[in-house]
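A quick write-up on the structure given underneath.
The values are calculated or read from the model by the stated rules, or taken from the named source; none is laboratory data. Every value quoted in this text rests on a predicted model; they were computed, and no experiment measured them. Cβ atoms come from the backbone with ideal geometry, glycine included; neighbour counts cover every protein chain shown. Side chains are part of the model used for accessible areas, which takes the heavy atoms of the whole protein and leaves out ligands, DNA and RNA. Shrake-Rupley method; radii C 1.70, N 1.55, O 1.52, S 1.80 Å.
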Amino acid sequence: RNYYGGNWASFSFSGLLSWIKENQQKTDTGDDCEDWRKLILDNEEVISLSKKDKTIQNVEDFCFGDQDSAKDVEEAGALSKLPVFGATGAEGAAEESEEGCPPPESADAESREPEKAADTEPASAAEGKDMEITSENEDSQNTALGDSTLELGKTETASSEISAQEPKKIAYSQIVREGRRFNVDLVSKLLYSRGLLIDLLIKSNVSRYADFKNVTRILAFRDGKVEQVPCSRADVFNSRQLTMVEKRMLMKFLTFCLDYEQHPDEYQDYETSTFAQFLRTRKLTPSLQHFILHSIAMVSETDCRTLEGLKATKKFLQCLGRYGNTPFLFPLYGQGEIPQCFCRMCAVFGGIYCLRHPVQCLVVDKGSGRCKAIVDHFGQRISAKYFIVEDSYLSDNVCTNVHYRQISRAVLITDRSVLTTDSEQQVSILTVPPMELGKPAVCVIELCSSTMTCMKDTYLVHLTCPSTNTAREDLEPAVQKLFNLSTEKETENELEKPKVLWAVYFNMRDSSGVDKNSYSGLPSNVYVCSGPDSALGNDCAVKQAETVFREMFPTEEFCPPSPNPEDIIYDEDGIAPEEAGLSNSPETKPETSVEESSSESSAAAKKEDNEE
């Protein structure tokens with residue numbers, strides 16, 4: 001690929017248009033070097049790798065504005081053709097797009113830093129001071145745990161105008177012009193405040209490269225209306241939606257869920273029942289059952305068993321209050337920042353990330369059965385002890401016994417929030433219950449402009465569910481319930497809904513549940529990792545990474561804390577590993593010199609305001 005992050009990437013709007021065009025055309029990559037087979041010895045055999053990415057299918061994009069007005073419009077500040085993290089290549093971006101959607105040139109990471117820094121500056125003065133948080137002080141909005149900083153973006157000042165006014169009309173040409181304000185994730189996820197990824201970011205000091213914002217609201221869709229769900233104790237008792245009796249019922253049930261393991265007699269008779277059936281036995285009103293099932297546990301009404309639902313509810317409650325009134329955090333500039341952060345840390349200590357570098361095959365020794373090397377499209381042979389291969393690189397010959405699941409995804413740009421309140425800067429998560437029997441629930445994440453993922457006066461909305469059909473067939477019913485898709489004269493009912501300005505639907509392969517033994521003929525030192533899974537959190541990816549690491553290096557610590565620059569001691573040969581806290585790292589270089597080379601590969605570099 002010519003962008004970083006694979007299916008975890010984030011794109012500017014022009015980069016996303018190029019990615020859409022690339023996946024709609026789906027051309028094969030030809031062999032750049034016809035003589036590479038001469039590099040294979042007599043005692044070796046090859047495992048050919050796939051030349052086509054089959055992980056993305058059924059890509060459909062729609063513009064609900066005047067596309068003709070954007071024909072000659074270019075993205076503001078598109079000065080460079082260097083690849084950025086998640087921005088597709090300049091070659092495709094420079095071409096004229098189909099159907100009147102011209103993808104302008106992409107901008108490099110450094111050219112967009114000044115604007116991002118300018119965006120974040122005004123908020124800091126009015127939003128309160130940073131607070132240091134420990135396990136004893138878990139009600140704060142911001143955190144600096146130990147020497148690791150996990151900085152949260154805050155809600156902008158309450159002086160925002162109430163959105164009861166007529167929403168500002170946004171033309172498609174304006175979206176194209178302001179395209180670098182968008183950071184559109186291919187995969188939509190949130191970080192549980194006590195999840196494995198947050199713990200790993202803090203432990204490894206990778207958190208120094210990322211900023212986060214609280215998810216401010218948990219929403220529910222019930223009886224055709226969107227409403228806010230009370231989560232914390234304070235929210236429950238301040239809620240006007242619930243009667244006093246319902247408040248007591250809810251608090252009693254949530255208290256039980258926090259230590260349900262201590263009361264097995266209350267649920268063991270229902271272990272084979274669904275969680276929805278168990279809730280009906282708890283004397284909860286229908287509205288409370290709906291809130292708990294879809295907005296707190298966030299589980300399936302038909303497939304989730306009682307213990308699974310209790311576990312999900314407990315996880316939600318345990319994450320409350322660590323960094324805010326909801327359990328979730330969202331990375332500023334998009335989920336694609338997370339792999340960028342690890343890529344940056346890797347680069348600082350000598351790792352190399354190659355773009356536009358196809359691999360022809362794995363080279364296997366016939367005697368030992370182990371993989372010895374790869375051959376790339378330049379015809380060069382690269383040897384190694386271990387090989388980690390993302391599932392999409394494996395050919396059909398290797399994946400003969402593999403059965404994949406699919407994820408249905410949609411991304412919308414809208415003109416206002418699904419639930420208008422006093423503050424426009426809300427980050428919300430909403431679960432839309434299944435529209436039909438046998439259909440999955442749809443997870444909706446709505447991002448405001450202060451998350452640095454969209455331009456001012458717009459919202460970026462992600463919809464996700466397990467696939468049963470194409471993404472459009474799975475998700476459009478939920479989109480029609482929540483949003484106005486009309487391009488003609490709108491009815492009064494449609495005027496009450498946020499208007500969709502632009503949308504894209506696509507299916508993404510979910511290979512997270514595939515067992516390694518399902519792949520045919522892979523050597524023991526070749527490890528397969530999956531793409532993104534359909535879960536809301538990131539636990540699957542963290543567990544998978546740690547499992548692969550421990551198989552390769554059973555005596556090493558997984559993601560140990562990286563030293564702070566001031567703690568590194570230099571000698572004539574470089575860094576003294578024992579002084580720097582790095583074991584078995586003889587090739588580690590002084591951080592100052594590697595910082596320079598890391599910043600040169602600007603795609604892996606974080607914004608200037610984090611390079612302290």
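Just give me the residues in the stretch 364-373 being in a strand (DSSP E or B) and touching a residue at least 12 places away in the same chain (Cβ under 8 Å), in sequence order.
Val364, Asp365, Cys371, Lys372
Looking only at the stretch 333-342, count every residue that is modelled with pLDDT of 95 or more and either touching a helix residue (DSSP H, G or I) at 6+ places or on another chain (Cβ under 6 Å) or not assigned by the TED database to the domain that holds Thr216 (or both) and tell me the total.
Result for the stretch 333-342: 0.
When you look at Leu219, is it closer than 30 Å to Lys497 by Cβ, within 34 Å of the chain's Cα centre (by Cα) and assigned to a helix (DSSP H, G or I), yes or no?
no
Counting only residues that are open to solvent by 40 Å² or more (accessible area, probe 1.4 Å) and modelled with pLDDT of 85 or more, which one in the stretch 53-92 is farthest from Tyr505 (Cα to Cα)?
Residue satisfying both the conditions and the ranking: Asp53.
Taking Cys454 as the residue in question, decide whether it is modelled with pLDDT of 90 or more and either touching a Leu at 6+ places or on another chain (Cβ under 6 Å) or open to solvent by 60 Å² or more (accessible area, probe 1.4 Å) (or both).
On the way: modelled with pLDDT of 90 or more: yes; either touching a Leu at 6+ places or on another chain (Cβ under 6 Å) or open to solvent by 60 Å² or more (accessible area, probe 1.4 Å) (or both): yes.
In short, yes.
List every residue pair whose Cβ atoms lie under 6 Å apart, where the two residues are 6 or more positions apart in sequence or sit on different chains, the first residue falls within the stretch 1-18 and is on the phi > 0 side of the Ramachandran plot, and the second residue, located anywhere, is open to solvent by 10 Å² or more (accessible area, probe 1.4 Å).
Gly5/Pro339
Which of the following residues is out of contact with any Pro (no Cβ under 8 Å at 6 or more places or on another chain), on the phi < 0 side of the Ramachandran plot and either touching a residue at least 12 places away in the same chain (Cβ under 8 Å) or assigned to a helix (DSSP H, G or I) (or both): Arg240, Arg248?
That would be Arg248, the only listed residue that is out of contact with any Pro (no Cβ under 8 Å at 6 or more places or on another chain), on the phi < 0 side of the Ramachandran plot and either touching a residue at least 12 places away in the same chain (Cβ under 8 Å) or assigned to a helix (DSSP H, G or I) (or both).
Do you know which residues across the stretch 434-451 are under 14 Å from the mean Cα position of the chain (by Cα) and open to solvent by 20 Å² or more (accessible area, probe 1.4 Å)?
Residue satisfying the conditions is Cys443 alone.
For Phe256, are the conditions met, namely being more than 31 Å from the chain's Cα centre (by Cα), in contact (Cβ under 8 Å) with a residue 24 or more places away in the chain and crowded, with 16+ Cβ neighbours inside 10 Å?
When the stated conditions are applied, Phe256 does not pass them.
Could you go through the stretch 287-306 and let me know if any residue there is part of a loop (DSSP other than H, G, I, E, B), in the same structural domain as Gly438 (by the TED database), in contact (Cβ under 8 Å) with a residue 40 or more places away in the chain and among the aliphatic types (A, V, I, L, M).
no
Conditions first: (1) open to solvent by less than 20 Å² (accessible area, probe 1.4 Å); (2) under 25 Å from Glu271 (Cα atoms). Ala347 passes all but one, so which condition is the exception?
Failing condition for Ala347: (2).
I need a count of the residues in the stretch 227-244 that are of a type in the set (A, V, I, L, M) and buried (at least 17 other Cβ atoms within 10 Å of the Cβ).
The initial filter retains those residues of the stretch 227-244 that are of a type in the set (A, V, I, L, M), namely 229, 234, 236, 242, 244.
After this cut, where a residue has to be buried (at least 17 other Cβ atoms within 10 Å of the Cβ) as well, the list is 229, 236, 242.
So the count comes out to 3.
If I ask for residues that are surrounded by 18 or more Cβ atoms within 10 Å (Cβ to Cβ) and of a type outside the set (Ser, Thr, Tyr), which ones from the stretch 318-328 would you list?
Here is the first cut: in the stretch 318-328, the residues surrounded by 18 or more Cβ atoms within 10 Å (Cβ to Cβ) are 319-328.
Matches in the stretch 318-328: Cys319, Leu320, Gly321, Arg322, Gly324, Asn325, Pro327, Phe328.
Which residue, of Lys516, Lys543, Lys481, is in contact with a helix residue (DSSP H, G or I) (Cβ under 8 Å, 6 or more places away or on another chain) and more than 17 Å from Ile56 (Cα to Cα)? Let's see the steps before the verdict.
Working: Lys516 fails: in contact with a helix residue (DSSP H, G or I) (Cβ under 8 Å, 6 or more places away or on another chain); Lys481 fails: in contact with a helix residue (DSSP H, G or I) (Cβ under 8 Å, 6 or more places away or on another chain).
Result of the check over Lys516, Lys543, Lys481: Lys543.
When His357 is evaluated against the numbered criteria (1) of a type outside the set (A, V, I, L, M, F, W, C); (2) in contact with an Asp or Glu (Cβ under 9 Å, 6 or more places away or on another chain); (3) touching a residue at least 40 places away in the same chain (Cβ under 8 Å), which criterion, by number, is the only one it fails?
Status for His357: all satisfied but (3).
Quick check on the stretch 208-256: of everything there that is outside the structural domain of Thr285 (by the TED database) and of a type in the set (Phe, Trp, Tyr), which residue is farthest from Tyr333 (Cα to Cα)?
Here the answer is Phe237.
Would you confirm, using the coordinates I've provided, whether Lys168 is charged (D, E, K, R), surrounded by fewer than 18 Cβ atoms within 10 Å (Cβ to Cβ) and either in contact with an Asp or Glu (Cβ under 6 Å, 6 or more places away or on another chain) or at negative phi (or both)?
Yes; evaluated as a whole, the condition is true for this residue.
Can you find, within the stretch 214-238, the residue that is modelled with the lowest pLDDT among those that are of a type in the set (S, T, N, Q) and farther than 16 Å from His290 by Cα?
Once the filter is applied, the top-ranked residue is Ser232.
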